[in-house]
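Visitor: First the structure, then my questions, so here it is.
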Amino acid sequence: MKHLLAAAILPSRLSTTLGAISISAMALHISAEVLSRLIWGQSLFGTIEIISYYYMVAASFLPLASAQLQGQMISTDVFAKIVPARLRPATDFLGRLVSLATCGMLIWAAWAQALSKTRVNEAISGLGAPVLVWPSRWMLVIGLGALLLAQLIQLPRGIASDEDAPPGTGERG
Amino acid sequence: MNPELGFYSLGALMVLLVLRVPIGLALTAVAFVGLYLLRGFNPAFGVLKATPFEFVAHWTLSAVPMFVLIGAIAAHSGMVGRIFRALKLWVGWLPGGLAIATSFAGAGFAAMSGSSLATTAAMGRIAVPEMLKEGYQPALATGVATAVGTIGALIPPSIIMVIYATFAEVSASKMLIAGVIPGILTAIAYASLVAIRCLINPDLAPVIARRQAERREHLRGFLDVLPVLILALGITGSIYAGIATSTEAAGFGVLLTLIIVMAQRVLSWRGLRDSIYETTVTTASIFLIAIGAAMMTQFLAFTGMPRVLSGAIMGITEDPVGIMLICCLLYLILGCFLDPMGVMLLTLPIILPIIDNAGINPIWAGVILVKMLEVGLLTPPVGLNCFVMKSTLGGSVSLGTIIKGTSWFLTVEAVVVALMLAFPQIILFLPSLMD
């Protein structure tokens, strides 16, 4: 079990670190763009394309596994309280199965999309030169894959413990 | 077209929420199965293939992680304590002065941090003990500290405004600017309520003798407040003047925040690292819901259900204020159970077509809806902010006292919302100058 847990945590840490690097790079890149425009009156090459197609995609999908493992996925506990306490382990387990299946479908779709876009060498025209987009498609597969692994590790907990630590209704205004 | 399927899908969504499926995955699952039933496997799979990537690969949306990062850095740098100390020095001697200081410090911090709950916890730790020590009535002290967090979503930088703008297909810059006057109006209304109540009943808050502070103290207070002013004015001003887009203002805001906290030496490397990590996890969990909501929007549009629903609502009333009141009621109820981002993304697929069909200005509607989401955090029986205040304070103040104190501010909120409904210019004046 311990090894299994480590096997799920490692990819989630790695992918979250990549996500964190993307967020930092995004802040620097946007600032550099603003400064460049203010000082030289010129935009940097491909800022919008790189931020949209790389940093944003990395920041959105790579940290999903960490969000899952830290209980930061936004779900609702209030509605779950209408289920009698003795049934809750079962309903929670069912909920985990649904999450797992949905994540699996998302991976399948992301995989199919990444494969077809790689084959056609997908690119978009940035300022002057084309920017390759297909490598970024694989970040969905990696991020969602790590999420699936994290969900698999957490799957049995719904049966093992009566009251799992509820993820809480995290609020972001 | 199959409106019934649309209504059934909402039932299915509720079931998945009861099973505690994360909101984002629940929306995705329902949208996929619904599209499959309506149009077959290939079109449904096509949406699943295209939407996640296309939704997030979006320049305007990149303001969201930047705003989250500004908030995380602000929270880690202990900014709120310093702002409160400075305001205490300046307005603490007024009737209910500490509560007034709490109103403005809380509004400022909530705007920066973008989180009502984080602001409530911070004010509960910093402002409430000071007020109680000075003999303030517990209901007043906890009430104001619980309510102020809700102002943040209106004042830039605001994540929820950017997300709304994306779905409503309106300018994010205009949406951000539209919240400024309502946000400031609410903060002033809170402070006025405190001052009037304390003037009528001085027992609520014993007046603190005005102390002759040294010039150095004033200067330090000013230097503590200055960064927040620079940031708020810098971000709002550059968007308003059209110098920067919301994304550019957000990215530059991060750099500005970093320079300020480094100059003040209030953020460790560890704090910075934690801020970035928190931001990544928050960003991913918000966008997962947004992606699900985007797919749900596509599915519901195919069913034609929003059109049927908006027809039904417009059968009741065609008056924009009446329609908004119905939406407000819905948000008030949902806001009691779900977090604001969840409510917004769950309901936008239904509400936006209604607003559109009725010809209501989407910016006006958006600011009112965001306001209602935040008010939902205060309303009993399950106003989340009240619980956060209770858990921050422990046994020293009862939940009943907190709810009683907060109810005064709910009354103020009702007045502010009524004003926004009656006078759309409160919301639309600043954006109209940007054309």
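Visitor: Quick one, what does Rg over Rh come out to for the stretch B:324-435 if you take C-alpha atoms and the Kirkwood Rh? Could the numbers behind the result be given before it?
Guide: Values: Rg = 15.8 Å, Rh = 15.2 Å.
So for the stretch B:324-435, dividing Rg by the Kirkwood Rh gives 1.04.
Visitor: Quote the charge dipole size of the stretch B:296-434 about the Cα centre in Debye, to the nearest 20; the model charges only the Cβ of Lys and Arg (+1) and of Asp and Glu (-1).
Guide: Working: 4 positive and 6 negative charges, 55 e Å.
Here the size comes out at about 260 debye.
Visitor: Also, quick follow-up: If I build a Gaussian network model for chain B, linking alpha-carbon pairs within less than 10 angstrom, which residue out of B:253, B:97, B:78 has the largest mean-square fluctuation?
Guide: B:78
Visitor: Can you tell me the FRET efficiency between residue B:226 and residue B:326 if r is taken as the Cβ-Cβ distance and R0 is 56 Å, rounded to the nearest 0.05?
Guide: Values: r = 44 Å, r/R0 = 0.78.
Efficiency, rounded to the nearest 0.05: 0.80.
Visitor: How large are Rg and Dmax for the stretch B:1-154 when calculated on the C-alpha trace, in angstrom?
Guide: 22.8, 69
Visitor: Could you grab the relative contact order for the stretch B:77-174? Cα pairs under 8 Å, six or more apart, rounded to a whole percent.
Guide: Reported relative contact order: 29 percent.
Visitor: Taking a quarter of the surface of the convex hull around the Cα atoms of chain B, what do you get in nm²?
Guide: Averaged projected area of chain B's Cα convex hull equals 21.4 nm².
Visitor: A further question follows. Determine the principal axes of the Cα atoms in the protein assembly as shown, then give the extent along each, sorted from largest to smallest and rounded to whole angstroms.
Guide: Taking the Cα atoms of the protein assembly as shown, the three principal extents are 74, 59, 57 Å.
Visitor: Can you list which of the DSSP-assigned H helices in chain A have a Cα extent of 20 Å or more along the long axis and an average Kyte-Doolittle score of at least 0.5?
Guide: Working: long enough: A:2-40 (55 Å, 1.02); A:88-119 (46 Å, 0.42); A:134-154 (31 Å, 1.19).
Helices meeting the criterion: A:2-40, A:134-154.
Visitor: Size of the stretch B:146-224 along its principal axes in angstrom, Cα-based, largest extent first?
Guide: Here the Cα extents, ordered largest to smallest, are 53, 35, 18 Å.
Visitor: Can you tell me the dipole magnitude for the protein assembly as shown around its Cα centre, using point charges on the Cβ only (Lys, Arg +1; Asp, Glu -1), in Debye to the nearest 20?
Guide: 1160
Visitor: For the stretch B:204-271, state the average projected area of the convex hull of the C-alpha atoms over all orientations, rounded to one decimal in nm². Write out the running numbers ahead of the final one.
Guide: On the way: hull surface 32.1 nm².
Its average projected convex-hull area is 8.0 nm².
Visitor: While we're on this one: Cut-off is 10 Å between beta-carbons; in what order do B:310, A:12 appear when sorted fewest neighbours first?
Guide: If I rank by nearby Cβ atoms, fewest first, I get B:310, A:12.
Visitor: For the stretch B:291-435, what's the relative contact order in percent, using C-alpha pairs closer than 8 Å and at least 6 residues apart?
Guide: 24
Visitor: Taking amide hydrogens as modeled 1.01 Å from N in the peptide plane, which residues meet the under 5 Å criterion relative to residue A:123, leaving out close sequence neighbours?
Guide: Those lying under 5 Å, H to H, from residue A:123 are A:133.
Visitor: Follow-up. Once the mean 1/r over all distinct Cα pairs of the stretch B:23-79 is inverted, what Kirkwood radius in angstroms do you read off?
Guide: Across the stretch B:23-79, the inverse of the average 1/r is 13.8 Å.
Visitor: P(r) of the stretch B:312-369 in 10 Å steps, Cα pairs, percent per bin?
Guide: Reading upward from the zero bin: 23, 58, 18, 0.
Visitor: With only alpha-carbon atoms in the gyration tensor, what are the semi-axes of the equivalent ellipsoid for the stretch B:252-411, in Å, largest first?
Guide: Equivalent-ellipsoid dimensions as semi-axes: 35, 24, 15 Å.
Visitor: In what order do B:399, B:204, A:64 fall by count of nearby beta-carbon atoms within 10 Å, going from fewest to most? Don't jump to the answer; show the numbers that get you there.
Guide: Working: B:399 15, B:204 19, A:64 34.
Fewest to most other Cβ atoms nearby, the residues stand as B:399, B:204, A:64.
Visitor: How large, in Å, is the stretch A:1-134 by the Kirkwood hydrodynamic radius built from its alpha-carbon pairs?
Guide: On the way: mean 1/r = 0.0545 Å⁻¹.
Evaluated over the stretch A:1-134, this radius sits at 18.3 Å.
Visitor: Please report B:407, A:15 as a ranked list, fewest other C-beta atoms within 10 angstrom at the top and most at the bottom.
Guide: With the fewest neighbours first, B:407, A:15 line up as B:407, A:15.
Visitor: Okay, moving on. Mind checking which of A:15, A:107, A:42 is farthest towards the positive end of chain A's charge dipole, using Cβ charges of +1 (Lys, Arg) and -1 (Asp, Glu) about the Cα centre?
Guide: A:107
Visitor: Still on this structure: For a quick check, take a GNM of chain B with Cα springs below 10 Å and name the residue from B:233, B:345, B:421 with the largest mean-square fluctuation.
Guide: Fluctuation is largest for B:233.
Visitor: Defining a contact as two alpha carbons under 8 Å apart and six or more residues distant in sequence, what relative contact order in percent does chain B show?
Guide: Values: 665 pairs, mean separation 113.6, N = 435.
Once normalised by length, the contact order is 26 percent.
Visitor: Something else about it: Beta carbons within 10 angstrom, averaged per residue: use that to sort the peptides B:136-149, A:131-144, highest first.
Guide: B:136-149, A:131-144
Visitor: To make sure I understand the rule: partners must be lysines, Cα under 17 Å from the Cα of residue B:174, and not fewer than 8 residues away in the same chain. Which ones qualify?
Guide: Within reach: B:371.
Visitor: Per DSSP H run of at least 4 residues, take -39500 (n - 2.57); add these up for the protein assembly as shown, divide by its residues and hand me the 222 nm value, nearest 500 deg cm²/dmol.
Guide: Calculated mean residue ellipticity at 222 nm is -25000 deg cm²/dmol.
Visitor: Let me ask another. Find, among the trypsin sites (Lys or Arg not before Pro) in the stretch B:1-61, those assigned to loop by DSSP (not H, G, I, E, B) with at most 10 other beta-carbon atoms within 10 angstrom. Can you show the working numbers first?
Guide: Working: sites: B:20, B:39, B:49; in loops: B:20.
Filter output for the stretch B:1-61: empty list.
Visitor: So which residue, out of A:35, A:100, A:149, gets the largest mean-square fluctuation from a GNM of chain A using Cα contacts under 10 Å as springs?
Guide: A:35
Visitor: Could you pull out every whole DSSP H run in chain B that spans at least 27 Å of Cα extent along its own axis and averages 0.5 or higher on the Kyte-Doolittle scale?
Guide: The answer, listed by residue number, is B:180-200, B:215-240, B:269-303, B:399-422.
Since every read-out is calculated from the coordinates, none of them should be taken as a lab result. On a predicted model such as this, the values are computed, not experimentally measured, just so you know. Counting neighbours? That spans all protein chains shown, and the Cβs are built from the backbone with ideal geometry, glycine included.
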